[in-house]
Amino acid sequence: MRVAITGASGFLGSRVAAALSARGDDVVALLRPSSVAAPGGGSVLRYASADEAGRHVEALAPDVLIHMAAAQGRRGERAAAMVDANVTLGAALLQAMRPGTLFINTDTTLPPEVNLYALTKRQFADLARLLVTQEKSGAHVANAQLQMMYGPGDDPAKFVPSLALQLVENAAPLVTTPATQRRDFIHVDDAIAAVLTLVDARTRLAPWQDVPIGAGRAVPLGDFIARAIAISGFDRPWQKSLPPRPGEPAEMVADTSILRGLGWTPRVTLDDGIAQLIGDARTTAGGR
């Protein structure tokens, strides 16, 4: 089976590409010129624009395209760049897919009013749904709504890995929001397995299918932090004095019934996942 994947230089995308390659699929990573190709992730095609990426997909004729490339706004991207990365690129890729193939889109669970990333991701999901329901695209779409993913090797600029690093360094007080919001934490290994489950179920999915991906239970953020503190041995004060982010929901949790019906179930417990996270942070801190 031929699988094209965008975002294959990222935390989840590189691991999904490697897992597909390891099991024998023909994997092609579509990368921008500045992206670094991860080892073991198949062959690479570069694109400088959405149109060029679409032409690559037309020529490749993949059975499945996994769209994980996105601009999250952490690098100060302007609005036009966010729209190009999160809306225009996806539209070009989807309309280049052949009828009967599967397009897996990685969506966010954040409400669109939280930030520009969440807004543009929602805009593409709405556009893709329209293209499918009005039969302007013959490809089927699995809209993978990913909850709060974590695990070793993630970008240290993100909240969870930066938290783990601060805890193992144990050099300053921890300052957070009240941390009462409840989140569905899913380990990266379980997220990889969920994506591969969708790839294998490509002929059994509806033309448009929202697929929540998470562990299926909401945990207070403060509980996650407390567990990480206990495992890391952090002994500085914990100050819950920051204001919550505007528009952030009190609770987000995935209904995993679709994935479970396809044979998937999460395997990594929260404590085991946090232990891996802290171990990785210790390695990172030791290398500084």
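A few remarks follow.
- Considering only PRO152, PRO246, PRO212, the mean-square fluctuation computed in a Gaussian network model of the chain, springs between alpha carbons under 10 angstrom, is largest for PRO246.
- Of the trypsin sites (Lys or Arg not before Pro) in the stretch 189-281, the ones in a loop by DSSP (not H, G, I, E or B) with at most 12 other beta carbons within 10 Å are ARG204, ARG267.
- Temperature 25 °C, viscosity 0.890 mPa s: under these conditions the Stokes-Einstein estimate for the stretch 2-146, based on its Kirkwood radius over C-alpha pairs, is 163 µm² per second.
- Here the calculated FRET efficiency for THR269 and ALA206, from their Cβ-Cβ distance with R0 = 22 Å, stands at 0.10, rounded to the nearest 0.05.
- Distance from the C-alpha centroid of the stretch 1-63 to that of the stretch 155-188: 30 Å, rounded to the whole angstrom.
- The slack in the chain from ALA171 to ASP235, taken as 0.36 nm per residue of separation less the alpha-carbon distance, amounts to 22.1 nm.
- When only alpha carbons are used to place a centre, the stretch 231-288 and the stretch 66-123 end up 24 Å from one another.
- Of the beta bridges in the chain, as assigned by DSSP with both residues counted there, near 5 percent are antiparallel.
- Taken along the Cα-to-beta-carbon direction at a fixed 7 Å, the label points for LEU130 and LYS158 span 3.0 nm.
- Whichever lysines have a C-alpha closer than 21 Å to that of LYS136, once near sequence neighbours (fewer than 8 apart) are set aside: LYS121
- Look at the alpha carbon pairs under 8 Å that are at least 6 residues apart: their mean separation over the length of the chain gives a relative contact order of 17 percent.
- The charge dipole of the stretch 2-146, taken about its Cα centre with unit charges on the Cβ atoms of Lys, Arg (+1), Asp and Glu (-1) only, comes to about 260 debye.
- Counted without the sites themselves, the longest stretch of the chain free of GluC sites (Glu not before Pro) in a DSSP loop having at most 11 other beta carbon atoms within 10 Å is 136-288.
- In nm, spacing of pseudo-spin labels at VAL219 and ARG46 (7 Å Cα→C-beta vector): 4.1 nm
- Looking at the stretch 102-142, the trypsin sites (Lys or Arg not before Pro) that sit in a DSSP loop and have at most 15 other Cβ atoms within 10 Å of their own Cβ are LYS136.
- All aspartates and glutamates inside 18 Å of LYS240 as judged from Cα atoms, apart from same-chain residues fewer than 8 positions distant: ASP223, GLU248
Bear in mind that the values in this text are calculations on the coordinates, not laboratory data. Everything quoted here is computed from the prediction, not taken from an experiment. Please note: Cβ atoms are built from the backbone with ideal geometry, for glycine as well, and neighbour counts cover all protein chains shown.
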